[in-house]
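Working notes, beginning with the structure itself.
Taken together, the values in this text are just the output of simple stated rules run on the coordinates, not laboratory data. Every value quoted in this text rests on a predicted model; they were computed, and no experiment measured them. Positions of Cβ are backbone-derived with ideal geometry, glycine not excepted, and every protein chain shown enters the neighbour counts.
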Amino acid sequence: MTKRPGFVSATGIVVAVVLLLGILTWDLVRGPALFSPGPLNAEATGPALGGVTDHAQLGDDCGACHPAPSSSATMADRCLHCHEAIGAEIAAKKGIHGRLAGAQSSPSCRGCHPEHHGANGALTSLDGATFAHDLTGFSLRGHQETAKGAKFACTDCHPHGYTTFDQSICSDCHAAINAGFMSRHEASYGKDCLACHDGSGGANVDHSKFSFKLTGKHAAVACKGCHSGAGSLQDFQNTPQDCYSCHAKDDEHDGAYGRQCGDCHTPADWGEATFDHAVFPLDHGSEERKATCQTCHPTDPKSYTCYGCHEHTTGNVLNEHEGKSLAELADCIKCHPGGRKGGD
Amino acid sequence: MPKRGRELWYALAAIVAVTALYALAYFQASAFPAASGLVGHGIGILGFVLMLMTATLYSMRKLRTDASWGSTASWLKFHMVTGLVGPYMVLLHTAMKFQGLAGLTMLLTVVVVASGLVGRYLYTAVPRTAGDGGVATKRRVLATWHTVHLPLTWALFAAAFVHVVAELYYATLQR
């Protein structure tokens, strides 16, 4: 007779079968709540959706959220069956859910919205460290540390939960930093901070409407680069528009060419300067050794010398101009306005 | 280390190691890792495999008459080690939530482990010196204990089987 393993026991098998039947009976009589890992949330926060004001009212209807694995429906489909407004957001690719769904290959509600954590369990669980806040339409780039130097916590701006945001928090915090600025700023622009500010450090302002157009490298400058300390509309409007007010420190000519930088320079790049050098041809010199400003104007733009270039040594010039002294030969263009030997 | 009871020290060492690794996950999450998460699922599956090994391997070894697979005493020690470490890992898998069938399964696990500890006590406490019928007494006591320990184990695995199927249906296989 083949010996059977010791764990094979007739009594054990009977007990197991009885237990299985008991579980099956319980499931048929009381529903599948036996398999629930925890009570559902019972906090009613709004109007009824899908006939209930909270998930706990679903009772034993596990299928309301859990479709059969063989079904083509997903759990997200079941969520959106009741949460139609969220579904509309996703379909329109707008709002936080529209942006979040667009950023995921297979959107899943339960990644952020757990359940079965009790009647008062949180319905939104976000890891502040990894949540892409930009998807909400507001970047946290400018909100890494508070005014006191502490790291920002989610509750600093969302004390009553992630789904709500009261813009008075902006005012309260920024007024603590600079009350005068905030007072002037709100007097000019109102209290709807998010109408202009997206957290990226600037404001969504259409600068093309103003007299000063942000072209070239001006477009990349942060607002405070030109409007330092500006708080009210008048402050912004009073911002100087002349080049020298901002670019005096950039003047490599030390004021020798005046203060109208725009006469030669454009916002594209300092190096792309245009200058009407009508008094002398700028193509003077050879292709191999093109003259630069410093070649002829080594000290300042108002004085020049031809003695910095190859054959224009004092010896050669004196040889070419017999009977003349160096002092008489200082102003070359008087006789050579075209930069040519013959005086053309 | 004394030769007797060494398997308990091995089990303790394994439990300490498992606890240390679990603690890393706990402190990273600032909470018990969810039973349905990667850590929770992983530790649950490993614990369940150890429990399956506990239930089967020693009995299967006893079917053999040769010692090519090691002594039965060694396999009994192995049974005790896995019988302690496996259930401990399953306890950690629960994330300290004992609702519904999952809670019942954990309760049965605790009862079976307790029953096993009783069996170990009986195995070592009942004398088996020849002469006063010690061996027969021991066999009777252990057989009686067996009639309780085995059905409890079958109940445990039946509940665990339903628990695994239910969690696959309601959670893991959900899209």
Once the Cα gyration tensor of the stretch B:98-175 is diagonalised, semi-axes √(5λ) in Å: 38, 10, 8
What value does chain B have for Rg/Rh, both radii from Cα atoms and Rh as Kirkwood defines it? 1.03
Determine the alpha carbon to alpha carbon distance for each of A:94/A:191; A:148/A:213; A:191/A:217 and list only those over 28 Å. A:148/A:213; A:191/A:217
To two decimal places, what compactness ratio does chain A give when its Cα radius of gyration is scaled by 2.2 N^0.38 Å? 1.91
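What does the highest-first list of B:66-72, A:122-128 look like by mean Cβ count within 10 Å?
The peptides rank, most packed first, as A:122-128, B:66-72.
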Based on the Kirkwood radius over alpha-carbon pairs, what is the Stokes-Einstein translational diffusion coefficient of the stretch B:1-97 at 10 °C with 1.306 mPa s viscosity, in µm²/s? 110
Starting with the highest mean, order A:19-30, B:80-91, B:99-110 by the number of other Cβ atoms within 10 Å, averaged over the residues of each peptide. B:80-91, B:99-110, A:19-30
Loop-resident trypsin sites (Lys or Arg not before Pro) in the stretch B:1-49 with no more than 11 other Cβ atoms inside 10 Å, DSSP not H/G/I/E/B, are B:3, B:4
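Mind checking the mean number of beta-carbon atoms from other chains within 10 Å of the Cβ atoms in A:65-74?
3
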Once Lys and Arg are counted +1 and Asp and Glu -1 for all other residues with Cβ under 14 Å from that of residue A:156, the total becomes -1
Inter-label distance, nm, simple model (7 Å from Cα along the C-beta direction), residue B:23/residue A:228: 5.4
Using a Förster distance of 22 angstrom, determine the FRET efficiency expected from the C-beta separation of residue A:208 and residue A:141, and round it to 0.05. 0.35
Could you tell me the center-to-center distance, by alpha carbons, between the stretch A:1-76 and the stretch A:107-121 in angstrom? 18
Largest first, please: the extent of the C-alpha atoms of the stretch A:146-242 along each principal axis, to the nearest Å. 46, 26, 24
Averaged over the residues of A:49-61, the number of partner chain Cβ atoms within 10 Å of each residue's own Cβ comes to 0
Burial ranking of peptide ranges A:313-321, B:31-39, B:51-59, A:331-339 (average Cβ count within 10 Å, highest at the top): B:51-59, B:31-39, A:331-339, A:313-321
The stretch A:251-271 to the stretch B:40-82: how many Å between their Cα centroids? 86
Computed helical MRE - 222 nm, chain A, DSSP H runs ≥ 4 contributing -39500 (n - 2.57), nearest 500: -7500 deg cm²/dmol
I'd like the FRET efficiency for residue A:163 and residue A:13, computed as 1/(1 + (r/R0)^6) with the beta carbon distance as r and R0 of 51 Å, rounded to 0.05. 0.45
Given labels modelled 7 Å from the Cα in the Cβ direction, how far is it in nm from residue A:148 to residue A:292? 5.5
If each of residue A:327 and residue A:48 carries a label point 7 Å out from its Cα toward its Cβ, how far apart are those two points in nm? 11.0
Shielding score for A:11-18, defined as the mean number of other chain Cβ atoms within 10 Å: 6
Nearest-0.05 FRET efficiency for residue B:135 and residue B:52 at R0 = 41 Å, using Cβ-Cβ distance, is 0.85
